[in-house]
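Here's the structure we're looking at; comments come further down.
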Amino acid sequence: MFLEPQSRRELERAGWRTTLDFRENHVRGLEVGLVRVEPVWIAEAERYVGDVEVASAEGCSADAAWELLADRVASSDVRRTQRVRIAAR
């Protein structure tokens, strides 16, 4: 039995640290109040390979967010930042 989606496990095996977050977008009408609630799942991955690489994706389900994130990582659609050093006083 596996608790996590396959795409998340594959990212972690490749050295990525992953996180999953959830939020709700409340869509309101001008006269009728709350129209609908849209679920948004945010999957993120980061790793250090000389530079820090970060990728993220949103989906209407956790599985959709993981799949999109895995696709972005596979296509190298990631942000890279150099390591930051703080100068000593």
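Just the number, please: percent antiparallel of the DSSP beta bridges in the chain, rounded to the nearest 5.
Values: 24 of 24 bridges.
Counting DSSP beta bridges with both partners in the chain, the antiparallel share is about 100 percent.
Within the listed set VAL32, VAL49, VAL40, the Gaussian network model of the chain (springs between alpha-carbon atoms below 10 Å) gives the highest mean-square fluctuation for VAL32. When shorter helices are ignored and each DSSP H run of at least 4 residues is given -39500 (n - 2.57), the per-residue value for the chain at 222 nm works out to -7000 deg cm²/dmol.
No lab work stands behind these numbers, since they all come straight from the coordinates. Fair warning: this is a prediction, and the values are worked out from it, not measured in the lab.
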